[in-house]
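The values are calculated or read from the model by the stated rules, or taken from the named source; none is laboratory data. Since this is a predicted model, take the numbers as computed values, not measurements. Note that we place each Cβ from the backbone using ideal geometry, even for glycine, and neighbour counts take in every protein chain shown.
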Amino acid sequence: MASGYWERARALRTSRRRFMGAGAAATAGVAGMALVGCGDDDDGGGTASPTAAASQAPGGSPSAAAVVRGGTLRLPLSGASSANPPTIFPFENLTYLSQTQGSFYYSRLLRGKNGADIDPGDNTTLEGDFVSKWEQPDDKTYVFTIKPNAKWQNKAPMNGRAITATDFVKTYEAFLGISQNGAVWKAVVDSITAPDDKTIKVSLKAPYAPFLVTHASTPEGMWFIPAETITNDQAKKDPVGSGPFIFEKFESGVAITAKKNADYYDAPLPNFDRVEAGLINDPQRLVAALQSGDYDLSGLNGPIYKENRSKLDKQGTDVFTQGLNTGGFYFNFDNKPWNDLRVRQALSMALDRDGYLKVQDGTGKGNYFSFLPPGLAPYYLSPRDQKDKYGAQAKYWTRDVKTARDLLKAATGSDTLKFKLFCNVDRYGAEAQQAWELFASTLKDAGFEAELVFQEYGSYIQSTYLGKMPEGGCACGPLIGSPRDPDNMFSQYWSQSVRHNWGGTPIEQQKDIDDMIVKQRTILDTKERVKYIQDMQVKMTESLLVVPYHSNGGWVYANPWVKNFYYKNSYAYMPDSVMKANFTEERVKKG
């Protein structure tokens, strides 16, 4: 390591204090900054930078006698990424802000199961939401049975009537015509029909292993919204659903409030009488609100952990989370010399991922991105902690300046490579800018001389993000946000995807990559698929289609009066994370 490295790192460390109050973009940072999965290019990081917990609340599922019910749960809508949703009708906009608040009132076929023994990043562990069971009679068919007591909320125009399978079919038809994610469903689903009032039949075009995770339980796609409220535009201003809470009001810049649905099909859940989701996003204001008791829990910035944990009650619950948005350097392969594998290998070996984590990761829980994010359990294979499984490819994840220089010289005939590095900061925030500056500073040790070019977000997304880069340049940044399954992430690498980040003439290994991506979709046995996808991460290191960097840890905190809280990475924060939590008796008395 060059002697000047830590001097440069310490100089850049001072910028950490800039993003402590920098708002929504700052909280996402390198680990959590994002483009919403399954079709959107938004910045939603959900609460904190997700996931894979190092610690969760103690204890298992509570008995009925142990649960104290009541009180108003107060929390920010999406941690330090909170802000006004552009719409409260989730089909109109895929931003996490619209999806998260939608989880208060709407349902899905399935939802993520949580608990002390379930990794919060494990989306393979599911339970019925408004359905009681599901079956798969063949590789292309799923049959869902609606819970016998499932009904719409007691609010006009639905007025508490029973939910029918036909309702779901009508929602699907509306979803296809309105949502950007309709195309994602249409590409996989052949038809959705209602054999009877309580049965939903989904027929796929071909076997598709991730269907239950990426479609049936996704909170970024098809919420079960009554078609009547879509037709009369009520969904845009006064939502009605079948979920755990009933919409009350949306005060711009203040909060979204909802009351308990007393007729909820999973009654006596939820345990809280009301929820108030605040819209402030300054991390320091969130810490102060937790300190005073004005907020019960919140997702927070991992980088502020060391400076702020001592301000909070030591008896509170900490959940340390892992990044769920893979970030890396990506290329247009018509831009020489990036089409030369040796240059990409040199770039990977020039990165000081451990050094960046020391500077940026206040939790000490971060890791490296592979071609999947650390938070995508159980598929992720750590290039840092499981080097033995990477075999000969492990060396490309380790900083080795001498070898990097040798590879660069062999590929280009020069000791230096000057290039423009395109990235964004106006959306991704100061933590991202600090990372880009760290990259540019430390890559010089291996001969890479990067000129940082900060593009405005709209321009960046429409050009650079899609692999359209000026000659000689490359880019770095997040590739996709909050994927629930590896197949979401693989859309960034697949040559037939309109969303793949790389551009230009495909590299020599692209056909092999494409074949692996297609094959993993057909492996229906979960254990077999996990093994295959872990092997894919090793195989993809041979070609370095992108060059991943480091992944900062995140932090979620709950005050000690919040019990049975098990964090679950999801935009569906209410049903997947806190619906089953409860307060102590003392906290309930405070309202």
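Does the stretch 524-541 contain at least one residue that is in a loop (DSSP other than H, G, I, E, B) and at pLDDT 95 or above? No; the residues of the stretch 524-541 include none that is in a loop (DSSP other than H, G, I, E, B) and at pLDDT 95 or above.
Within the stretch 230-250, restricting attention to residues that are in a helix (DSSP H, G or I) and of a type outside the set (Gly, Ala, Ser), which residue is nearest to the chain's Cα centre (by Cα)? The extreme case among them is LYS236. Among the residues of the stretch 557-573, those identified as modelled with pLDDT under 95 and among the hydroxyl-bearing types (Ser, Thr, Tyr) are TYR566, TYR567, SER570, TYR571, TYR573.
Okay, residues lined up against (1) more than 22 Å from the chain's Cα centre (by Cα); (2) buried (at least 20 other Cβ atoms within 10 Å of the Cβ):
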residue	(1), (2)
ILE513	yes, yes
MET516	yes, no
ARG529	no, yes
ILE533	no, yes
HIS550	no, yes
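Only one of these is touching a Gly at 6+ places or on another chain (Cβ under 7 Å) and not hydrophobic (A, V, I, L, M, F, W, C): LYS133, LYS151. Name it. Testing whether each residue is touching a Gly at 6+ places or on another chain (Cβ under 7 Å) and not hydrophobic (A, V, I, L, M, F, W, C) leaves just LYS151. Candidates are the residues of the stretch 404-452 that are among the acidic types (Asp, Glu) and closer than 22 Å to SER551 by Cα; the one that is farthest from the chain's Cα centre (by Cα) is ASP445. Of all residues in the stretch 194-225, those satisfying the criterion of being assigned to a strand (DSSP E or B) and among the small types (Gly, Ala, Ser) are ALA194, SER203. Considering the conditions (1) part of a loop (DSSP other than H, G, I, E, B); (2) modelled with pLDDT under 95; (3) among the hydrophobic types (A, V, I, L, M, F, W, C), PHE371 is excluded by exactly one of them, (2). Per the listing ALA446, ALA432, ALA440, the residue uniquely of a type outside the set (Ser, Thr, Tyr), surrounded by 24 or more Cβ atoms within 10 Å (Cβ to Cβ) and under 27 Å from ILE304 (Cα atoms) is ALA432.
The residues of the stretch 69-101 that are over 24 Å from GLY177 (Cβ atoms), assigned to a loop (DSSP other than H, G, I, E, B) and at pLDDT 95 or above, listed by number, are ARG69, GLY70, GLY71. Can you tell me which residues in the stretch 193-240 are touching a Ser or Thr at 6+ places or on another chain (Cβ under 9 Å) and aromatic (Phe, Trp, Tyr)? TYR208, TRP223, PHE224 - these are the residues of the stretch 193-240 that are touching a Ser or Thr at 6+ places or on another chain (Cβ under 9 Å) and aromatic (Phe, Trp, Tyr). Residue pairs whose Cβ atoms lie under 7 Å apart, separated by 6 or more positions or on different chains, with the first residue in the stretch 471-493 and under 19 Å from GLN322 (Cβ atoms) and not assigned by TED's automatic domain parsing to the domain that holds LEU421 and the second small (Gly, Ala, Ser) and modelled with pLDDT of 90 or more, do not occur. Among residues that are in a loop (DSSP other than H, G, I, E, B), assigned by TED's automatic domain parsing to the domain that holds VAL213 and more than 20 Å from ASP197 (Cβ to Cβ), PHE104 is not included. If the condition is being hydrophobic (A, V, I, L, M, F, W, C) and in contact with a helix residue (DSSP H, G or I) (Cβ under 7 Å, 6 or more places away or on another chain), then the stretch 414-425 contributes LEU417, LEU421, PHE422, CYS423, VAL425.
Here GLU471 clears all of (1) crowded, with 24+ Cβ neighbours inside 10 Å; (2) modelled with pLDDT under 95 except the condition numbered (1).
Under the condition of being modelled with pLDDT under 95 and surrounded by fewer than 16 Cβ atoms within 10 Å (Cβ to Cβ), the residues counted in the stretch 394-429 number 1. Yes or no: the stretch 206-219 includes at least one residue that is among the aliphatic types (A, V, I, L, M), in the same structural domain as THR72 (by TED's automatic domain parsing) and free of Cβ contacts under 8 Å to residues at least 24 places away in the same chain. No, the stretch 206-219 contains no residue that is among the aliphatic types (A, V, I, L, M), in the same structural domain as THR72 (by TED's automatic domain parsing) and free of Cβ contacts under 8 Å to residues at least 24 places away in the same chain. Out of LYS580, LYS568, one residue alone is among the basic types (Lys, Arg), part of a loop (DSSP other than H, G, I, E, B) and in contact with a Ser or Thr (Cβ under 7 Å, 6 or more places away or on another chain). It is LYS568.
With respect to PRO506, determine if the residue is surrounded by fewer than 23 Cβ atoms within 10 Å (Cβ to Cβ), modelled with pLDDT of 95 or more, closer than 28 Å to ASP318 by Cα and more than 22 Å from the chain's Cα centre (by Cα). No: the conditions fail for PRO506.
Can you tell me which residue in the stretch 542-556 is modelled with the lowest pLDDT, limited to those that are in a strand (DSSP E or B) and not hydrophobic (A, V, I, L, M, F, W, C)? The extreme case among them is GLY554. When restricted to residues that are β-branched (Val, Ile, Thr), out of contact with any Asp or Glu (no Cβ under 9 Å at 6 or more places or on another chain) and in a helix (DSSP H, G or I), the stretch 512-523 contains 2. Of the residues making up the stretch 165-213, those that are touching a Gly at 6+ places or on another chain (Cβ under 8 Å), polar (S, T, N, Q) and surrounded by 17 or more Cβ atoms within 10 Å (Cβ to Cβ) number 2.
ALA394 passes every criterion in (1) in contact with a Pro (Cβ under 8 Å, 6 or more places away or on another chain); (2) part of a loop (DSSP other than H, G, I, E, B) apart from (2). Taking the stretch 426-438 as the range and being in contact with a helix residue (DSSP H, G or I) (Cβ under 8 Å, 6 or more places away or on another chain) and within 16 Å of ASP361 (Cα to Cα) as the test, the residues that pass are GLY429, ALA430, GLU431, ALA432, GLN434, ALA435, GLU437, LEU438. The residues of the stretch 527-566 that are in contact (Cβ under 8 Å) with a residue 24 or more places away in the chain, of a type in the set (Phe, Trp, Tyr) and over 27 Å from ASP354 (Cα atoms), listed by number, are TRP561, PHE565, TYR566.
Only one of the numbered conditions (1) more than 15 Å from THR321 (Cα to Cα); (2) among the hydrophobic types (A, V, I, L, M, F, W, C); (3) in contact (Cβ under 8 Å) with a residue 40 or more places away in the chain is violated by ALA392, and that is (3).
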